[in-house]
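S.K.: Have a look at this one.
We did not get these values from a lab; they are worked out from the coordinates using the rules stated. Worth saying up front: this structure is predicted, and the values here are computed from it rather than measured. A quick note on method: Cβ atoms are made from the backbone with ideal geometry, for glycine too, and the neighbour counts reach across all protein chains shown.
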Ligand SMILES: *Cc1c(COP(=O)(O)O)cnc(C)c1O
């Protein structure tokens, strides 16, 4: 417990997230949500914002992606050893679930930044001798299993997490829910404050929803319906019967099923979307709530390639703490920018060669596309018309690198991976394209720094924010993206990158618009006007890097959401 002592007196904010990307070797994340949580940890350390993070330990990770000779995705457990990176804490709490106690014990991971500022992260574990065999596996697989498994995980995270913080001695004033997964924590708070304030004369069904709202911040992350967890009340009643009486529960979380987003909206006093457009979309989906917007950012130090980091250390010495200062990157010299980029690109080329056998040509531009492989991200849009794509490559040779995982139950996403791999074989010899398996922090770092153009083709308005393009921009990689999520705020056409299509146009035109832009503007510029290309690289670093970083994001959460 001494390990926690430095944090206990000053930490009054708890950040709950199903996943958190702390380091590549710790498989406690699946994708963008976890990366954001990890960048949040890192910025809290830099800015000395005292927050304790709570997530699941996920002993078997999300999954390890393997691509077979037919180009299909297969999933394997992605085990990691918590004892290598974390310390086991002594405290244990139980949650009564499905008729028996589920015991929870935390691992403590301490993130320490370069100034030796530290942030504690509690990773919840149910793999304990005290637990029934089924319960021991609850914290194994991130987003794995069926609805019952997921509900129990969310009970462990939300209810267990709050109890654990209390048992460890934290006095938390503000609970930040990173997505709806942890919304059950609000129910635990409701119960807690009711017992505390009730006197014999009080109506004992009166929960103090207002008091809970005072203490909860909710960040919603997706306008995609399937992204909002819903559980049948029968399942909820089976797991935690009478935890909160059913009429109250239904009034907070929906009549038909327990909707975790609805519950979080009702129990949070500050609600935000992750970009301006996303906040507007959320406002339309859930009228009656005030939806603020705090646009996501990325942790500059984490995502900047070492060659650029060295350059920034000399030219913009304060950039690590104060990425706003990257505005001065417009004054960097063309030669240094080009040299740094070439170094990042050759790292990518080595990585692609080692992981796929595909040999990229350093003289040709690389278009990078790495996404969760799922419907609304439209991973096949670039490949809508292979002949057109080959025509473009005939005029202006280029190369493509693709990466991304599909959730094991997302058949369309898995189909898209197989199709892309089929097309890659078909185009061999005419257009070099590689599919890099196992999209992870490490792969993302190589890709976002080493590509020349970063492509994003979501179906508007479904991309809540998107963050990989921010990482790319920090490395002088130019975004070519549909106007959705963060890109609406960052795109200065022909200056910081390019848009695909126009606001409000027909998304069916996006493929032809993408081809037109790629052909006539992006690749043409690459070959015909390297001076202007480099100026755009500098402007991407300066205008995007100075703004779309998690330092700015956390200062806003601190002043607008935490210090209400
Ligand atoms: C940054 C990142 C994401 C999120 O990127 P999007 O642009 O939101 O798709 C997902 N996975 C990994 C590994 C990342 O590094």
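S.K.: Report the extension gain between residue 327 and residue 117 in nm, rounded to one decimal, defined as 0.36 nm multiplied by the number of residues separating them, less their alpha carbon distance. List each step's numbers first, then the result.
M.R.: Values: separation 210, 0.36 × 210 = 75.60 nm, distance 2.58 nm.
Using 0.36 nm per residue and subtracting the Cα-Cα distance, I get 73.0 nm.
S.K.: In the calculated pair distance distribution of segment 1-113, what percentage of Cα-Cα distances lie above 16 Å?
M.R.: Numbers: 4230 of 6328 pairs.
Tail of the P(r) past 16 Å holds 67 percent of the pairs.
S.K.: Same structure, new question: Taking every pair of distinct Cα atoms and averaging 1/r, then inverting, what Kirkwood hydrodynamic radius in Å comes out for segment 375-486? Don't skip to the end; give the middle numbers.
M.R.: Values: mean 1/r = 0.0671 Å⁻¹.
Radius from the Kirkwood sum: 14.9 Å.
S.K.: To continue, here is another question. If you average 1/r across every pair of different Cα atoms in segment 424-546 and take the reciprocal, what Kirkwood value do you get, in Å?
M.R.: Values: mean 1/r = 0.0662 Å⁻¹.
Roughly 15.1 Å, rounded to one decimal.
S.K.: Continuing with this model, one more query. Can you tell me the equivalent ellipsoid semi-axes for segment 496-564? Use √(5λ) from the Cα gyration tensor, largest first, whole Å. Please list the in-between numbers first.
M.R.: Working: eigenvalues 217, 81, 7 Å².
For segment 496-564, the semi-axes come out at 33, 20, 6 Å.
S.K.: Now for a separate question. Can you give the log10 of the normalised intensity I(q)/I(0) at q = 0.13, 0.15, 0.20, 0.23 Å⁻¹, computed with Debye over equal Cα scatterers of segment 261-381?
M.R.: Debye curve over Cα of segment 261-381, log10 I(q)/I(0) at q = 0.13, 0.15, 0.20, 0.23 Å⁻¹: -0.84, -0.96, -1.12, -1.24.
S.K.: Please work out the Cα center distance from segment 357-411 to segment 235-268, rounded to the nearest Å.
M.R.: With segment 357-411 and segment 235-268 each reduced to a Cα centre, they are spaced 42 Å.
S.K.: Over segment 300-548, what is the relative contact order in whole percent, taking alpha-carbon pairs under 8 Å and six or more residues apart? Please report the intermediate quantities before stating the final value.
M.R.: Values: 430 pairs, mean separation 63.0, N = 249.
It rounds to 25 percent for segment 300-548.
S.K.: If neighbour count is taken as other Cβ atoms inside 10 Å, put 122, 474, 423 in order from fewest to most. Intermediate values should be presented prior to the final figure.
M.R.: Working: 122 28, 474 32, 423 21.
Fewest-to-most Cβ neighbours within 10 Å comes out as 423, 122, 474.
S.K.: Note the direction-averaged projected area, equal to a quarter of the hull surface, for the Cα convex hull of segment 345-397, in nm². Show your work: numbers first, answer last.
M.R.: On the way: hull surface 18.2 nm².
The Cα convex hull of segment 345-397, projected and averaged over all directions, gives 4.5 nm².
S.K.: Can you bin every Cα-Cα distance in segment 310-436 into 5 Å intervals starting at zero and give me the percent of pairs per bin, rounded to whole numbers?
M.R.: Reading the bins upward from 0: 2, 9, 16, 16, 15, 13, 11, 9, 6, 1.
S.K.: For a quick size check, give me the Cα extents of segment 103-155 along its three principal axes, largest first, whole Å.
M.R.: That gives 43, 23, 15 Å along the principal axes, largest extent first.
S.K.: Provide Rg and Dmax in Å for the chain, with only Cα atoms included in the calculation.
M.R.: Radius of gyration, then largest Cα-Cα span, for the chain: 23.8, 82 Å.
S.K.: If you project the alpha carbons of segment 36-84 onto their three principal axes, what span does each projection cover, largest first, in Å?
M.R.: 49, 23, 16
S.K.: Rounded to the nearest 500, what is the 222 nm mean residue ellipticity of the chain from helices alone, with -39500 (n - 2.57) per DSSP H run of 4+ residues and division by all residues? Present the calculation step by step, with values, prior to reporting the outcome.
M.R.: Working: 23 runs with 209 residues, N = 564.
After summing the helix terms and dividing by residue count, I get -10500 deg cm²/dmol.
S.K.: Going 7 Å from the Cα of residue 506 toward and past its Cβ, which residues in segment 385-408 have a backbone nitrogen under 18 Å from where you end up?
M.R.: 385
S.K.: For the pair residue 386 and residue 76, what calculated FRET efficiency results from E = 1/(1 + (r/R0)^6), where r is the Cβ-Cβ distance and R0 = 30 Å, to the nearest 0.05?
M.R.: Details: r = 31 Å, r/R0 = 1.04.
Given R0 = 30 Å and the Cβ-Cβ separation, E is 0.45.
S.K.: Once the Cα gyration tensor of segment 291-354 is found, what semi-axes does its equivalent ellipsoid get, as square roots of 5 times the eigenvalues, in whole Å, sorted largest first? Don't skip to the end; give the middle numbers.
M.R.: Numbers: eigenvalues 116, 67, 20 Å².
In descending order, the three semi-axes are 24, 18, 10 Å.
S.K.: Shifting gears a bit: Compute the normalised compactness of segment 300-548: alpha-carbon radius of gyration over 2.2 N^0.38 Å, N being the residue count. Write down the numbers at each step before the final one.
M.R.: Values: Rg = 16.9 Å, N = 249, 2.2 N^0.38 = 17.9 Å.
Rg over 2.2 N^0.38 Å, computed on Cα atoms: 0.94.
S.K.: Same structure again: Taking 4 °C and 1.567 mPa s as the conditions, I'd like the Stokes-Einstein D for segment 144-277 in µm²/s, using the Kirkwood hydrodynamic radius from alpha carbon pairs. Could the numbers behind the result be given before it?
M.R.: Details: Rh = 15.3 Å.
Here the translational diffusion coefficient equals 85 µm²/s.
S.K.: What list do you get for 402, 298, 367 if you sort them by fewest beta carbons within 10 Å?
M.R.: Lowest to highest Cβ neighbour count: 367, 402, 298.
S.K.: Now a separate question. Given all pairs of different Cα atoms, what value in angstroms does the Kirkwood hydrodynamic radius of segment 72-183 take? Intermediate values should be presented prior to the final figure.
M.R.: Working: mean 1/r = 0.0651 Å⁻¹.
With all distinct Cα pairs of segment 72-183 included, I get 15.4 Å.
S.K.: Using Cα pairs under 8 angstrom and six or more residues apart, how large is the relative contact order of the chain, in percent? Could you put the intermediate results ahead of the total?
M.R.: On the way: 1147 pairs, mean separation 80.9, N = 564.
Result for the chain is 14 percent.
S.K.: Tell me, 150, 64, 105 in order of fewest to most beta-carbon neighbours within 10 Å?
M.R.: Numbers: 150 20, 64 17, 105 23.
Sorted ascending by nearby Cβ count, the order is 64, 150, 105.
S.K.: Would you mind checking the tilt of helix 530-539 against the longest principal axis of the Cα atoms of the chain, expressed as 0 to 90 degrees and rounded to 10?
M.R.: The two axes meet at around 20 degrees.
S.K.: What's the ranking of 511-517, 272-278, 240-246, 65-71 by average number of surrounding C-beta atoms within 10 Å, highest first? Each step should come with its number before you reach the end.
M.R.: Numbers: 511-517: 18.1, 272-278: 24.9, 240-246: 15.1, 65-71: 13.1.
Packing proxy ranking, top to bottom: 272-278, 511-517, 240-246, 65-71.
S.K.: Kindly state, to the nearest 0.05, the FRET efficiency for residue 555 paired with residue 315, given R0 = 25 Å and r defined as their beta-carbon distance. Mind dumping the intermediate values first?
M.R.: Values: r = 23 Å, r/R0 = 0.93.
Once rounded, the FRET efficiency stands at 0.60.
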